[in-house]
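This report concerns only the one structure given below.
The values are calculated or read from the model by the stated rules, or taken from the named source; none is laboratory data. For clarity, every value in this text was computed on a predicted model and none was experimentally measured. Heads up, the Cβs are rebuilt from the backbone with ideal geometry, glycines too, and the neighbour counts pull from every protein chain shown. Just the protein is used for accessible areas: all its heavy atoms, side chains included, with ligands, DNA and RNA removed. Shrake-Rupley method; radii C 1.70, N 1.55, O 1.52, S 1.80 Å.
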Amino acid sequence: MLFTTAASPLHVFPPLFNRYDEGMRFQTHVDNAIHPLPGTGFWIWADVSSTLSLGNPEEYDGGELVIEDTYGSQGKISSG
């Protein structure tokens, strides 16, 4: 019970959306865990990062999401 209480978020903020068009690339990077909260002047710590594809996998022509950590590549998440 103590762990669940400590691990539960105090606040849930709106998601941050990024949009990529044809020809755009997303290079290997480290997710930034600290983000400005629009319209407030405050910065927040974001512990969770997610990737969501809004199109049908059959309509997608691109690469794969590759998860890497200090031990190397941990796998690929493909669109189809």
When residues of region 6-23 are limited to those that are hydrophobic (A, V, I, L, M, F, W, C) and in a loop (DSSP other than H, G, I, E, B), the one surrounded by the fewest Cβ atoms within 10 Å (Cβ to Cβ):
LEU10
Look at region 27-58 and say how many of its residues are modelled with pLDDT of 75 or more, closer than 26 Å to GLY72 by Cβ and open to solvent by 100 Å² or more (accessible area, probe 1.4 Å).
3
Residues of region 1-43 being closer than 20 Å to GLU68 by Cβ and in contact with a Phe, Trp or Tyr (Cβ under 7 Å, 6 or more places away or on another chain), which ones?
TYR20, PHE26, ALA33
Can you name the condition, by its number, that GLU68 falls short on among (1) part of a strand (DSSP E or B); (2) open to solvent by 100 Å² or more (accessible area, probe 1.4 Å); (3) at pLDDT below 75; (4) not hydroxyl-bearing (Ser, Thr, Tyr)?
(3)
